[in-house]
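The values are calculated or read from the model by the stated rules, or taken from the named source; none is laboratory data. The shown structure was predicted, so the numbers you read here are calculated from the model rather than taken from an experiment. Neighbour counts run over all protein chains shown; Cβ positions are idealised from the backbone, glycine included. Accessible surface areas use protein heavy atoms only, side chains included; no ligands, DNA or RNA. Shrake-Rupley method; radii C 1.70, N 1.55, O 1.52, S 1.80 Å.
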Amino acid sequence: MKRILILILTTAITITAVAQERTAQNKPYIDLHPLHFGILVGMHMQDIEFQNVGPQTIVNEDGTEETRTILCDADNWNPGFSVGVTAEARISTHLSARFTPTMHFGAKHLMFHDLSRPDENGNPAQATQDLKTTYISMPFDLKFSAERFNNYRPYIIAGVNPTINLTGKDQDYIRLKRYDTFVEVGFGCDLYLPYFKLIPELKFCYSLSNGLDTKHADELQDAGMRAFTNSVTAGHNKMIVLTFYFE
């Protein structure tokens with residue numbers, strides 16, 4: 001038993017020593033440049049967090065009043081595609097500022113549950129909407145990096161991300177505002193390859209403001225849609241973004 005324990009301990013020490021052994025560095029001076037430029041591709045998941053009104057009084061076309069309760073939510077996280085460019089400015093050994101103009105192509109799937117009008121089976125009537133979005137985002141982030149070891153260097157980021165939404169149909173139930181601002185945090189790792197630097201990164205984005213166009217109900221031509229539009233008073237967008245940078 002003692003011999004087995006000694007063998008296991010010796011093997012563990014050997015593996016640890018090999019793992020900590022210094023190797024030849026690829027592109028050893030790239031982080032000393034004052035500016036870095038590159039491209040990025042990735043995928044993201046979109047969601048939106050609604051604030052529902054609850055019971056609301058509806059005035060029908062014949063003048064009668066009706067109380068209806070409609071709940072709205074995004075029933076899943078929808079995947080999308082991201083592409084852009086990056087520019088990074090070195091501030092100090094461990095700190096840099098990064099600007100990454102990006103386009104995010106995606107959508108949110110919305111589900112409305114009309115509790116006041118059940119179907120033939122007694123379940124709430126349902127309506128859906130595919131809320132397509134094309135964001136132009138302009139994140140400004142601060143990047144704090146650890147010491148480089150061999151050919152990798154982990155880091156964390158935080159910043160703000162102003163966005164412009166280029167899509168939105170005038171006659172859908174829900175329409176988002178043209179402009180929004182996200183706060184974002186994340187982490188990643190610089191991987192120094194022989195010919196370029198690859199940087200996988202995961203970040204989480206949350207909208208700081210109400211992204212819902214609250215005046216949209218007045219512009220709807222179909223009066224029957226307004227109860228669905230008015231069922232929510234606020235919506236905060238959320239995204240999880242997995243990005244691969246190439247510098």
Write down the accessible area per residue of region 55-117 in Å², having rolled a 1.4 Å probe over the full set of protein chains. 50 Å²
Note down the nm distance, to one decimal, between modelled labels 7 Å out along Cα→Cβ at Phe81 and at Ile39. 1.4 nm
Sequence-distant residues sharing a close amide H with Lys177 (under 5 Å, placed H): Leu212, Asp213
Using 0.36 nm per residue of separation minus the Cα-Cα distance, give me the extension gain between Glu219 and Thr93 in nm, one decimal. 40.0 nm
With 0.36 nm assigned to each residue of separation and the Cα-Cα distance removed, Leu166 to His109 gains 18.8 nm
Which option, (1) 0.97; (2) 1.42; (3) 1.10, is the value of Cα Rg over 2.2 N^0.38 Å that was calculated from these coordinates? (2)
With -39,500 (n - 2.57) per DSSP H segment of 4 or more residues and division by the full residue count of the chain, the 222 nm estimate, nearest 500 deg cm²/dmol, is -2500 deg cm²/dmol
Name the lysines eligible as straight-distance cross-link partners of Lys132: C-alpha to C-alpha under 29 Å, and not fewer than 8 places from it in the same chain. Lys108, Lys169, Lys177, Lys203, Lys215, Lys238
Quick one: angle between helix 2-19 and the longest Cα principal axis of the chain, in degrees between 0 and 90, rounded to 10, please. 80 degrees
Quick one: if the Förster radius is 41 Å, what FRET efficiency do Tyr206 and Asn121 give, using the C-beta to C-beta distance and rounding to 0.05? 0.65
Segment Arg68-Asn26, extension gain: residue separation times 0.36 nm, minus the distance between their alpha carbons: 8.7 nm
For region 110-247, what does the alpha-carbon gyration tensor say about shape, rounded, prolate or oblate, given a ≥ b ≥ c as the root eigenvalues, a/c under 1.5 as rounded, and a/b over b/c as prolate? prolate
Straight-line reach check, Lys27, cutoff 18 Å on alpha carbons, 8 or more apart in-chain or any other chain, hits among lysines -> Lys197
Please say if region 158-212 is rounded, prolate or oblate, where rounded means a/c under 1.5 for a ≥ b ≥ c the square roots of the C-alpha gyration tensor eigenvalues, and otherwise the choice is prolate for a/b larger than b/c and oblate otherwise? prolate
By average C-beta atoms within 10 angstrom, highest first, the peptides 85-94, 109-118, 154-163: 154-163, 109-118, 85-94
Using θ = phi - 60° and Karplus 6.51 cos²θ - 1.76 cosθ + 1.60, couplings along region 182-197 (whole Hz; Gly, Pro as x): 10, 9, 9, 9, x, 8, x, 8, 6, 10, 8, 8, x, 10, 7, 10
Return a whole-number percent for the relative contact order of the chain, with Cα pairs under 8 Å and 6 or more residues apart as the contact set. 21 percent
On the accessible surface of the chain, probed at 1.4 Å, how many percent belong to carbon and sulfur atoms? 63 percent
